[in-house]
Every structure is written in structure tokens, then in C-alpha cells.
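*Asks:* One structure is given below, represented as C-alpha cells, and several questions about it will come after.
The values are calculated or read from the model by the stated rules, or taken from the named source; none is laboratory data. Just so we're clear, the structure is a prediction, and the values are computed from it rather than from any experiment. FYI the Cβ positions are ideal-geometry reconstructions off the backbone, even for glycines, and counts take in every protein chain you see. We work out accessible area using only protein heavy atoms, side chains counted, and drop any ligands, DNA or RNA first. Shrake-Rupley method; radii C 1.70, N 1.55, O 1.52, S 1.80 Å.
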Amino acid sequence: MKKLFIYINFFFVATGCKEKFNTNIPSPSTGYLVVEGFISSGLDPTTITLTRTVKLYDTVDFKAEHNAGVNIESESNEIFPLNETGNGVYTSGNLNLNNTEKYRLRIITQDNKEYTSDFATVKKTPDIDSISWTRENGGVKLYINTHDPQNNTRYYKWDYEQTWEFHSTYLSSLIYIFDRNIDPIGVDYRNADHSVDTTIYKCWNTVNSTNINLGSSEKLSKDLIYLPLVYIEPASIKLSVLYSLNLRQYALSHEAYLFFQKIKKNTESLGSIFDAQPSELQGNIHCITDPAEIVIGYIDISEEKKKRIFIRNDELPGWGYRTGCTFITIDNIPDSIRKYGSSLSPTVPDKVGRGIVTFNATPDQSCIDCTLTGSNVRPPFWP
């Protein structure tokens, strides 16, 4: 009991002594330059994103760095330009770099400040062996499986893209008929052949990874990686029809791995008094014009290796996805529609005689129109 009392006192003292913290670190009005991306040595294009830091009280999430001159340079003075494609994103064509050369990134901003990364060697990325998955805690957990038979890689980073197909809860073949006061007075078929509108029934969503996903085999005798990367919550819409994970793997230098590890701790493991404290981020990018200026980022050179996996809903017995959608049945007459259906969306006829006698309607339009929460454009890779 004495230990418990001491712990409770410590907890209340620690949580009760929080004070507002105002940093004394100077911050330029333009913000610090943030450089994200890597130099692709293989057949994939290189993409570098340039932004500026913002203050905590700013109303914008980020500020893109526009109209910068961005080039990749080799030690033998080869130059590969990158062009801005929008929002501070700069992209090159396929570079297919020489593995025996060293390369760096050079940036010249609109205010004529010059930034360069340190010269770095090209890292060869091993293939992704497989992406596996298991049912865990009612959900699905996906794992990365990879290895380097030469034991040279040791440090890895992964990004991924999740895409899933989902369907509207109800099909819809009806629309309202309105009077001159724009009040619904009846329903009619959307199409002359009385068919349902399939363009709003089947949709897709895509999200990119936001966490920093790292792995290392430095403490193992073999360069072998088997790690969990993604967890899909039980009954998630992501696995209601068909789900795909597109995984991208990069080999890192030891220095790049340590840099991204610090970012991960600073951004994903803070929030309580027991978490690691923020640490200074020192990357390999420097301001040549003003050596004292802080620059955030680390540029490494690596191949990108990809692998995609699909998981079907019928592979997951009892998945249990539910939309929560409901409907009611309404008489197809003005008084009934005004009373019960003016704020509802019609779905399909319930009873048909010489015309539509009664019909079903749902309170939530997204229950019949998936484009309100996704896109009805089929991804080119979809089976």
C-alpha cells in the first residue's frame, strides 16, 4: 500500500505540474526548409518534396516551396534536373544511376539560397520476398518478409498504399419528381429502362502510409526481416469487398536509418510524461549560403522495390462489416412523401402496379451513392 500511495502521489504531481512552454529557439519568418524523398537509382522516377515549417498557431498545415531549382549531381559533374509538378513536389525521369558513383541533391530557392546534401553512395535494395497476413484480435495484420542473401542491407524503410473496393448499401433506380416550389411530389425511374444506376454503386478509396516504417537486422547473424506493418481493424470497410496493399521497400544507410528513427520517436512516440523527449534532427542537407541555418531532411540513394497483395472478403469468414444503413417504405403520393420522405433518398420500388405504388428510401444518401465517400473510377491495376 505504501508503494501504491507513493506512485499515486507521483502521478498527480507529475500531471499537475504542467506549464505552458514557450521555446526560445528563433524561427525565420519563412520557416525552415524541409526536404523529403530519396534519390531513386533504379528505373523509377525520383520525387523530392520541398516545404517550409509553420508555427504552431499558423492556420495552414504546410507551406510548399515553389519554383526552386532542384538537381541531382554526381561527383563527376553529371546533372539530372527535377521539375516541379505542383505543391512543392519535384520529379525527375528514370535516372538509372551508376552504382559506382556518388550523388547528391542541390537546391536553389527563389531567394537565391543554396542547399546541398552530402554525397552518398548508391544502396542496392533486395527484393520483397512476400507480404503475408493473419487474423489477429478479430482484425487482419499484414507482415513484410524480406532478406538480403549478401547480408549487406541491414537497414530498411517501407512506404505503402492501401486501396479498397466498397459498395453502396442499396442500389438505386429512382429519383424524386419536384413541383415548382422544389418540393418532392413523387418518384420516377432514373433510366428509361428502369435499370439501377451502377455508377454510384461501386467505388474505391486509396490512402498512403503516414507513419515511418523502419526495420533493421543489425543484431541478427542473417539479414532477414519479418515485421508487422499494417493492422486492419475488425469489421473494417477496407475488407468489405476487395483490399490491396502496394508495398515499397528501400535500403537505407545506417545514418539515414538513425535519422528516420529520431523522426519516428519525435512524431509518433510523444504525448505523455513517460515518452522519449524530443531530440534535435540533424540530417545530411546543409545551407551553403548560410551554414548556421537549420535544414530538415535526409537524402539517401536507393532502389525502390515493390510488391502488391490482394485480400478478398470471402477469405475472411465472419468479417462482419456493417454499414448501419436503414430504409423505410413510403407511399408514392405527395402527402406521404412530404411527411416522411422529403429528407430521404429514394432507392428502389417496393410495390409496382400501373406505376410505382410504394418505394424504399434511406436517411443517408451515402447509403446509395458511394461517390460521396470514394471514387467510382476503377484503378488501372484492379482485377
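*Asks:* In this structure, does Thr134 turn out to be at pLDDT below 95 and not acidic (Asp, Glu)? Working first, answer last.
*Replies:* On the way: at pLDDT below 95: no; not acidic (Asp, Glu): yes.
So Thr134 fails the test.
*Asks:* Could you please tell me which pairs satisfy a Cβ distance under 9 Å, a separation of 6+ or placement on different chains, a first residue in region 322-339 that is without any contact (Cβ under 8 Å) to a residue 40 or more places away in the chain and closer than 22 Å to Ser168 by Cβ, and a second residue that is of a type outside the set (A, V, I, L, M, F, W, C) and part of a helix (DSSP H, G or I)?
*Replies:* Partner pairs satisfying both residue conditions: Ile328/Tyr340; Ile328/Gly341; Ile330/Ser336; Ile330/Lys339; Ile330/Tyr340; Ile330/Gly341.
*Asks:* Right, here's the next one. Output the number of the condition that Gly88 fails; it satisfies all remaining conditions of (1) farther than 22 Å from Ala256 by Cα; (2) open to solvent by less than 70 Å² (accessible area, probe 1.4 Å); (3) at pLDDT below 95; (4) touching an Asp or Glu at 6+ places or on another chain (Cβ under 9 Å).
*Replies:* Answer for Gly88: the failing condition is (3).
*Asks:* Return yes when Asp61 is modelled with pLDDT of 95 or more, open to solvent by 70 Å² or more (accessible area, probe 1.4 Å) and under 27 Å from the mean Cα position of the chain (by Cα) and no when it is not.
*Replies:* On the way: modelled with pLDDT of 95 or more: no; open to solvent by 70 Å² or more (accessible area, probe 1.4 Å): yes; under 27 Å from the mean Cα position of the chain (by Cα): yes.
Taking the combined requirement at face value, the residue does not satisfy it.
*Asks:* Suppose we filter region 306-356 for residues that are farther than 30 Å from Asp159 by Cβ, part of a strand (DSSP E or B) and open to solvent by less than 70 Å² (accessible area, probe 1.4 Å); how many remain?
*Replies:* 7
*Asks:* If you don't mind, another one. Scanning region 357-375 for residues that are in contact with a Leu (Cβ under 8 Å, 6 or more places away or on another chain) and outside any strand (DSSP E or B), which turns out surrounded by the most Cβ atoms within 10 Å (Cβ to Cβ)?
*Replies:* Residues of region 357-375 in contact with a Leu (Cβ under 8 Å, 6 or more places away or on another chain): 359, 361-363, 365-366, 368.
Checking which are outside any strand (DSSP E or B) leaves us with 363, 365-366, 368.
Values: Pro363: 13, Gln365: 14, Ser366: 17, Ile368: 27.
Residue satisfying both the conditions and the ranking: Ile368.
*Asks:* State which residue is surrounded by the most Cβ atoms within 10 Å (Cβ to Cβ) when the search covers only region 205-217 and only residues that are out of contact with any Phe, Trp or Tyr (no Cβ under 7 Å at 6 or more places or on another chain) and touching a residue at least 40 places away in the same chain (Cβ under 8 Å).
*Replies:* Looking at residues that are out of contact with any Phe, Trp or Tyr (no Cβ under 7 Å at 6 or more places or on another chain) and touching a residue at least 40 places away in the same chain (Cβ under 8 Å), I get Ser217.
*Asks:* Additional query: Within region 109-130, which residues are closer than 21 Å to Asn151 by Cβ, in contact with an Asp or Glu (Cβ under 8 Å, 6 or more places away or on another chain) and surrounded by fewer than 19 Cβ atoms within 10 Å (Cβ to Cβ)? I'd like the intermediate steps shown before the answer.
*Replies:* Pass one, region 109-130, residues closer than 21 Å to Asn151 by Cβ: 120-130.
Then drop every residue that is not in contact with an Asp or Glu (Cβ under 8 Å, 6 or more places away or on another chain), which leaves 120, 122-126.
The answer is Lys124, and nothing else.
*Asks:* Being over 22 Å from the mean Cα position of the chain (by Cα), farther than 20 Å from Val122 by Cβ and crowded, with 17+ Cβ neighbours inside 10 Å narrows it down to one of Val230, Val196, so name that one. Give the derivation first.
*Replies:* Values: Val230 fails: over 22 Å from the mean Cα position of the chain (by Cα).
Val196 is the lone residue from the list that is over 22 Å from the mean Cα position of the chain (by Cα), farther than 20 Å from Val122 by Cβ and crowded, with 17+ Cβ neighbours inside 10 Å.
*Asks:* How many residues does region 341-370 hold that are of a type in the set (Val, Ile, Thr) and touching a Gly at 6+ places or on another chain (Cβ under 7 Å)? Even if it seems obvious, please write down each step before you answer.
*Replies:* Of region 341-370, the ones of a type in the set (Val, Ile, Thr) are 347-348, 352, 356-358, 362, 368.
Those left that are additionally touching a Gly at 6+ places or on another chain (Cβ under 7 Å): none.
Total meeting the criteria: 0.
*Asks:* Need pairs with beta-carbon distance below 9 Å; first residue surrounded by fewer than 20 Cβ atoms within 10 Å (Cβ to Cβ) and within region 235-254, second in a helix (DSSP H, G or I); sequence gap 6+ or separate chains.
*Replies:* Ser240/Asn313; Val241/Asn313; Leu242/Asn313
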